[in-house]
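> Before we start, here is the structure in question, set down as structure tokens.
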């Protein structure tokens, strides 16, 4: 089976322009005020790319799975993790934006490239 291992990471981002574009959009939707949707939009997962300049913390590994031996029960997990800030030049202003991604690899098959799937 390929890939045969997967690792899930999480980090934090600060990107006011992105937030204004994706969340502030609801303030004026073709002249209509849909600002009541903002809370729902913040709770929904969003899959997108992130500029490297927006990442403000070192990544933290939250789950590693050997896909050859893991069981269904391994997919429900709770792990503690620490995010260490790498920048002090931004103001997060109460933003709750995280970045998570999954790497998948086939170390048992060294000629297969590592796959990275970004989730937000």
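> Mind telling me which of the residues 23, 37 ends up being touching a helix residue (DSSP H, G or I) at 6+ places or on another chain (Cβ under 7 Å) and either crowded, with 16+ Cβ neighbours inside 10 Å or under 26 Å from residue 77 (Cβ atoms) (or both)?
Matching residue, one of 23, 37: 23.
> OK, next. Residues to consider are 18, 9; find the one that is touching a helix residue (DSSP H, G or I) at 6+ places or on another chain (Cβ under 9 Å), touching a residue at least 24 places away in the same chain (Cβ under 8 Å) and either closer than 25 Å to residue 88 by Cβ or assigned to a strand (DSSP E or B) (or both).
18
> If the requirement is being farther than 19 Å from residue 88 by Cα and exposed (fewer than 14 other Cβ atoms within 10 Å of the Cβ), which of these qualifies: 42, 46?
46 is the lone residue from the list that is farther than 19 Å from residue 88 by Cα and exposed (fewer than 14 other Cβ atoms within 10 Å of the Cβ).
> When residues of the stretch 84-120 are filtered for being modelled with pLDDT of 80 or more and not in a loop (DSSP other than H, G, I, E, B), how many remain?
So the count comes out to 1.
> Next question, about the same structure. Name the pairs whose Cβ atoms lie under 6 Å apart, with the first residue in the stretch 72-83 and at negative phi and modelled with pLDDT under 90, the second surrounded by 10 or more Cβ atoms within 10 Å (Cβ to Cβ) and not in a loop (DSSP other than H, G, I, E, B), and 6 or more positions between them or separate chains?
Pairs found: 77/63; 79/62; 81/60; 81/62; 83/12; 83/57; 83/60.
> If residue 62 satisfies all but one of (1) more than 12 Å from the chain's Cα centre (by Cα); (2) surrounded by fewer than 16 Cβ atoms within 10 Å (Cβ to Cβ); (3) modelled with pLDDT of 85 or more, what's the number of the condition it fails?
(1)
> Follow-up question, since we're still on this one. Quick check on my filter: what residues within the stretch 1-20 are surrounded by 14 or more Cβ atoms within 10 Å (Cβ to Cβ) and closer than 30 Å to residue 71 by Cα?
Residues satisfying the conditions are 3, 4, 5, 6, 7, 8, 9, 10, 11, 12.
> So, of the residues in the stretch 27-55 that are modelled with pLDDT of 85 or more and in a loop (DSSP other than H, G, I, E, B), which turns out to be nearest to residue 7 (Cα to Cα)?
Once the filter is applied, the top-ranked residue is 34.
The values are calculated or read from the model by the stated rules, or taken from the named source; none is laboratory data. What you see is a predicted model, and the numbers here were worked out from it, not measured in a lab. Cβ sites come from the backbone with ideal geometry, for glycine too, and all protein chains shown count toward neighbours.
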